[in-house]
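Report on the following structure.
The values are calculated or read from the model by the stated rules, or taken from the named source; none is laboratory data. Given the structure is predicted, the values throughout are model-derived calculations rather than measurements. Methodologically, a virtual Cβ is constructed for each residue, glycine included, from the backbone with ideal geometry; neighbour enumeration extends over all protein chains shown.
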Amino acid sequence: MITVNQLHPLFFGEIVGADLTAEPTEELRRTVEDAMAQHAVCVVRQGPITDEQHIRFARLFGPLELPPGYGSRPTSGRMAPELFFAGNLDLDGNIKPFTPANRDVAKGAERFHADSSFNPLPSKWSMLRGVECPPSEAGGDTLFVDLRAAYDDLADEMKARIEPMIGIHDFWKGREYAGLEVTEDMRARMMVPPVEHPLVRTMPNGRKAVFVGGHCTGVVGMSESEGHDFVEALYAHVTQPQYVHRHQWREGDIVIWENRCALHAATSLKTDRYRRDMRRATVNESGPEIDAYEYRRRMEAAG
């Protein structure tokens, strides 16, 4: 029997009793969809599973967004090429040395953000799995924010003001604001033009969310400085402690979050004594199963 518990006063569900090693059932799919509609973020308490079982589970809910360069990634490497990696290991599985914060692209993930909001593909969910998890006292917890509850608490005047606004999501500008020294070479190696999303997102169940985060750097129709100040004020509102839940990882956990109405932020590791191996499947609302950069290239080529 699958049960769902709420771990935070506002959101964050715990799904217990699901067996992801078995062939997925309609009951599993429906239970997870319902839990996500209610809680926006859920942890599936699950023992270790394979990459293939992780991918099979993710595909129940939509097409995958594939990692950049998917077509050229080895199929016999340390992990399945359909998954994104987060952690402190290199390609050979060894612990990487620390990188100074101003030169660490991943450091931007310590600001609250929605995965792939800088891409044109319509992102739905992320599913992050703990393969190797250091003890919580070593760092590596993940923080989550409920953007629906934050929207609910806005003054009516502010809700009306932001309803028609369009946010600008710019990966490299967001990294600059997070303190990274962005070079032209970095931009050339990973070309990510800005994209636009409404500042207010409406979920399928009708709940609204204020859609800002680390990749949202401005507002269409405002100057760069004015737009940045405006979205930063909203960011300060949505990241207040009452909207935040801290997840302490257990091996085998799969945490699913709604990229349309929840933000997340990494917490840094305090030591390199421990291995951290985290693998993520990203599920889109619709579209082809493709990496976002190839999708953008095809769109540009089509005019």
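Return the residue satisfying two criteria in turn: it lies in the stretch 206-227 and is in contact (Cβ under 8 Å) with a residue 12 or more places away in the chain, among the small types (Gly, Ala, Ser) and under 17 Å from CYS261 (Cα atoms), and of such residues it is surrounded by the most Cβ atoms within 10 Å (Cβ to Cβ).
GLY213
Within the stretch 84-104, work out how many residues are modelled with pLDDT of 85 or more and in contact with a Ser or Thr (Cβ under 9 Å, 6 or more places away or on another chain).
Of the residues in that region, 1 qualify.
So in the stretch 160-183, with the set limited to residues that are farther than 24 Å from PRO120 by Cβ and touching a residue at least 24 places away in the same chain (Cβ under 8 Å), which one is surrounded by the most Cβ atoms within 10 Å (Cβ to Cβ)?
Out of the qualifying residues, it is GLY179.
Got a number for residues in the stretch 228-255 being farther than 20 Å from GLY139 by Cα and either among the polar types (S, T, N, Q) or in contact (Cβ under 8 Å) with a residue 40 or more places away in the chain (or both)?
Within the stretch 228-255, residues that are farther than 20 Å from GLY139 by Cα and either among the polar types (S, T, N, Q) or in contact (Cβ under 8 Å) with a residue 40 or more places away in the chain (or both) number 9.
Return the only residue of ALA262, ALA233, ALA188 being among the hydrophobic types (A, V, I, L, M, F, W, C), surrounded by fewer than 16 Cβ atoms within 10 Å (Cβ to Cβ) and modelled with pLDDT of 95 or more.
ALA233
Filter the stretch 275-287 down to the residues that are farther than 17 Å from VAL131 by Cα and surrounded by 13 or more Cβ atoms within 10 Å (Cβ to Cβ) and list them by number.
In the first step, residues of the stretch 275-287 are kept if they are farther than 17 Å from VAL131 by Cα; the result is 283-287.
VAL283, ASN284, GLU285, GLY287 - these are the residues of the stretch 275-287 that are farther than 17 Å from VAL131 by Cα and surrounded by 13 or more Cβ atoms within 10 Å (Cβ to Cβ).
With modelled with pLDDT of 95 or more, under 30 Å from VAL212 (Cα atoms) and either touching a Lys or Arg at 6+ places or on another chain (Cβ under 7 Å) or not β-branched (Val, Ile, Thr) (or both) as the only criterion, which of LYS107, LYS124 stands out?
Every option except LYS124 fails the conditions.
Taking the stretch 66-80, which residues are in contact with a helix residue (DSSP H, G or I) (Cβ under 6 Å, 6 or more places away or on another chain) and closer than 19 Å to VAL192 by Cα?
PRO68
Which of the residues belonging to the stretch 134-173 are outside any helix (DSSP H, G or I) and within 18 Å of the chain's Cα centre (by Cα)? Can you show your working first?
The initial filter retains those residues of the stretch 134-173 that are outside any helix (DSSP H, G or I), namely 134-135, 139-146, 153-155, 163-170.
If the condition is that a residue be outside any helix (DSSP H, G or I) and within 18 Å of the chain's Cα centre (by Cα), then GLY140, ASP141, THR142, LEU143, PHE144, VAL145, ASP146, GLY167, ILE168, HIS169, ASP170 are the ones that fit.
Would you kindly identify the strands (runs of 3 or more DSSP E) lying entirely within the stretch 198-303 that contain at least 3 residues that are within 14 Å of the chain's Cα centre (by Cα) and within 21 Å of PRO9 (Cα to Cα)?
Ranges flagged: 254-258, 262-266.
So in the stretch 115-137, with the set limited to residues that are of a type in the set (A, V, I, L, M, F, W, C) and in contact with a strand residue (DSSP E or B) (Cβ under 6 Å, 6 or more places away or on another chain), which one is farthest from GLY87 (Cα to Cα)?
Filtering the stretch 115-137 for residues that are of a type in the set (A, V, I, L, M, F, W, C) and in contact with a strand residue (DSSP E or B) (Cβ under 6 Å, 6 or more places away or on another chain), the one farthest from GLY87 (Cα to Cα) comes out as LEU121.
Can you pull out the residues in the stretch 236-252 that are surrounded by 21 or more Cβ atoms within 10 Å (Cβ to Cβ) and over 13 Å from ASP146 (Cα atoms)?
Hits for the stretch 236-252 are HIS247, TRP249.
Kindly list the number of the only condition in (1) assigned to a helix (DSSP H, G or I); (2) under 30 Å from THR21 (Cβ atoms); (3) not polar (S, T, N, Q) that fails for LEU128.
(1)
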